[in-house]
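Below is one structure, written out as structure tokens; comments come after it.
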Amino acid sequence: MIHVKREKGCRIYQHSGLTKLSLITLRKLLESFWVIYKNGVYDVTSFLPSHPGGDQIMMAGGLSIEPFWSVYGMHKTQEICDLLETYRIGNIHEADMIDHSAEEELWSKEPSRDERLIVKTSRPFNAEIPAKLQVAHFDTPNELFFVRQHMPVPELDACKHKVKVIVKNGETKTREFSLQQLDKFPRTKVRAALMCAGNRRSEMNEEVKPVKGISWQGGAISNAVWEGVLLRDVLRDCGVDCNNVAGKHVIFTGADIDATGVNFSTSIPLEQALNPNNCILLATHMNGAELPPDHGYPLRVVVPGAPAVRSVKWLESITVSKEESCSHWHQKDYRSFNASETWETADFSTAPPIYSLPITSAICDPADGDTVVPKDGVVEVRGYAYSGGGAKIVRVDISPDCGETWIQADELQTDDAPAQQHHSWALWTVTIPVCKGQEDMVLWAKATDSNFNTQPERFDDIWNIRGVLSNAYHKITVQIAR
Ligand code: MTE
């Protein structure tokens, strides 16, 4: 039985009785698992273990998956439809078909977006910034900042918006702050890049073997100056014991809701939340302007140095608890596995959640396949480099001959933050000599940070089913104009 209710302008589908059962219990109960799509009936039992969205699929058991795919629009690709077709076992009668056209309404309030963004999926909206525009600005203009949504953008009113702070410590204490009340804490600015853990996934996908996830090139990272109040000031004001942090977590919940009525949520360890070097903000502004709707208006968390998934947008509540977030996004995604694990063997319950990011870099201009025109016997190459956890980029090296020789970038633009607080990206420029008659050039880029960590050469050893932390050398080939 599916219940449909209306909440915060969204239609929510709840499957009665099934929500609390685990995948394993359900599979024992059900010999086969059928879903409906349009007029087709599909037995997807054998597909269940490899569903990248984990148990979420159980909500659609015996039902039409169309309401779910209205929210998770990235399913609507030829590849997934072809895969689904392989499971068809029959058709439903025309008279039994349900009209799902009203679900369009979920998307009627989406904000308008800059046409220069490279759209990866339109529902939910996911788009990367073109590489050449990344290096055009040290702080990415708000309209060009990459966008990563899991659901429709919620419509919120800054005047009415409140954030709850719930501290579970034996007894549960709850405080509530309007945006005005948050302003009693000192306002702070932090320059920080946000990078999706799946940035550069497409290279891992192409160079090794397929991974599941949005096929980001290098454009799921952007840089901005965020302004708001420090999370640790708010937590301390709410009585969080800073001397007793071990084993505790801070859960952030956003106002966006999935097809089963669950709000987006994830968590970080309390120790990470309170560490002053992490400069974690409850941000209301981005590059001097109110947060745009796509980036969390009116309030988001910004967790510098961590995968951007932890920077929860449209923030509604902060919970300090002994438990990590139990959400699907926290438990079944953004975790790390070795290259031998498959969807069948990977155990998300024991894999460590990703709370920090490794060093990475990318060549942005020229792009792979471009024809470059040498000037005075050299070509200029530009890109970005970034490392998580507050580490500073200290060097970027480019090889014009597949690693035989390396040339250090002569210009490295970084921020002037204190040690361990380098949350911004670095932009770099290097000039590469071109030999007479040279027709093409292979360029490799790698960066080194203040912990003297550098990037691995190949994707093979860091390949993982989800295609996260894809940070091997960036390699491109360009043609040289005669
Ligand atoms: N917060 C909410 N509430 N809902 C989301 O879908 N996506 C997360 C994070 N915060 C998300 C969210 C992910 S996976 C990323 S990469 C960043 O937001 C992207 O932030 P941006 O869209 O401002 O670039």
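All of the numbers you see were taken from the coordinates with simple rules; none came from a lab. Source: prediction; values computed, not measured. A quick note on method: Cβ atoms are made from the backbone with ideal geometry, for glycine too, and the neighbour counts reach across all protein chains shown.
Quick one: net charge of Val373's neighbours, Cβ under 14 Å, K/R +1, D/E -1?
Local charge sum for Val373: -4.
Starting from the Cα gyration tensor of the stretch 158-270, multiply each eigenvalue by 5, take the square root, and state the resulting semi-axes largest first in whole Å.
33, 19, 16
Give the span of the stretch 176-242's Cα atoms along each principal axis, as three whole-Å numbers ordered largest to smallest.
Result, largest extent first: 50, 26, 21 Å.
How big is the chain in terms of Cα radius of gyration and Dmax, in angstroms?
Just the Cα atoms of the chain yield Rg and Dmax of 23.5, 76 Å.
Which of the peptides 375-385, 210-220 is most tightly packed, and how do the rest follow, going by the mean number of other Cβ atoms within 10 Å of each residue?
Ranked by mean Cβ neighbours within 10 Å, highest first: 210-220, 375-385.
So for the stretch 318-365, Kirkwood radius off the Cα pairs, Stokes-Einstein at 20 °C and 1.002 mPa s: how many µm² s⁻¹? Don't jump to the answer; show the numbers that get you there.
Working: Rh = 13.3 Å.
Once the numbers are plugged in, D ends up at 162 µm²/s.
Normalising by the residue count of the chain, find the relative contact order in percent from Cα pairs under 8 Å and 6+ residues apart.
Details: 1106 pairs, mean separation 67.1, N = 482.
In percent, rounded to a whole number, it is 14.
Beta carbons within 10 angstrom, averaged per residue: use that to sort the peptides 125-132, 235-242, highest first.
Final packing ranking: 125-132, 235-242.
I'd like the distance separating the alpha-carbon centroids of the stretch 306-338 and the stretch 402-455, in whole Å.
After rounding, the separation between the Cα centres reads 32 Å.
Could you tell me how far the Cα centroid of the stretch 210-258 sits from the Cα centroid of the stretch 80-133, in Å?
If you average the Cα positions of each part, the centres end up 27 Å apart.
Of the peptides 426-437, 84-95, how do they stack up when ordered by the mean number of other Cβ atoms within 10 Å, highest first?
Numbers: 426-437: 17.3, 84-95: 11.3.
With the highest mean Cβ count within 10 Å placed first, the list reads 426-437, 84-95.
Using Stokes-Einstein with the Kirkwood hydrodynamic radius over Cα pairs, what translational diffusion coefficient do you get for the stretch 327-482 at 4 °C and a viscosity of 1.567 mPa s, in µm²/s rounded to a whole number? Before the final figure, lay out the partial values.
On the way: Rh = 17.2 Å.
Using the Kirkwood radius from Cα pairs, D works out to 75 µm²/s.
As an exercise, find the ratio Rg/Rh for the stretch 210-249 from alpha-carbon atoms, using the Kirkwood inverse-distance average for Rh.
That ratio is 1.24, to two decimals.
Enumerate the whole-percent occupancy of each 10 Å bin, from 0 to the last occupied one, for all C-alpha pair distances of the stretch 58-123.
15, 42, 31, 11, 2
If you keep only loop residues by DSSP, which trypsin sites (Lys or Arg not before Pro) in the stretch 161-202 have at most 16 other Cβ atoms within 10 Å of their Cβ?
Lys184
Quick one: Kirkwood hydrodynamic radius for the stretch 126-181, alpha-carbon pairs, angstrom, one decimal?
15.1
Along each of the three principal axes of the Cα atoms of the stretch 75-228, give the extent in whole Å, ordering the values from largest to smallest.
61, 43, 37
Which one of His474, Gln413, Leu270 has its Cα pushed farthest toward the positive end of the charge dipole of the chain, where Lys and Arg give +1 and Asp and Glu give -1 at the Cβ?
Selected residue: Leu270.
Quick one: Cα convex hull volume of the stretch 198-322, Å³ per residue? Don't jump to the answer; show the numbers that get you there.
Numbers: hull volume 17.8 nm³, N = 125.
Enclosed volume per residue, from the Cα hull, is 142 Å³.
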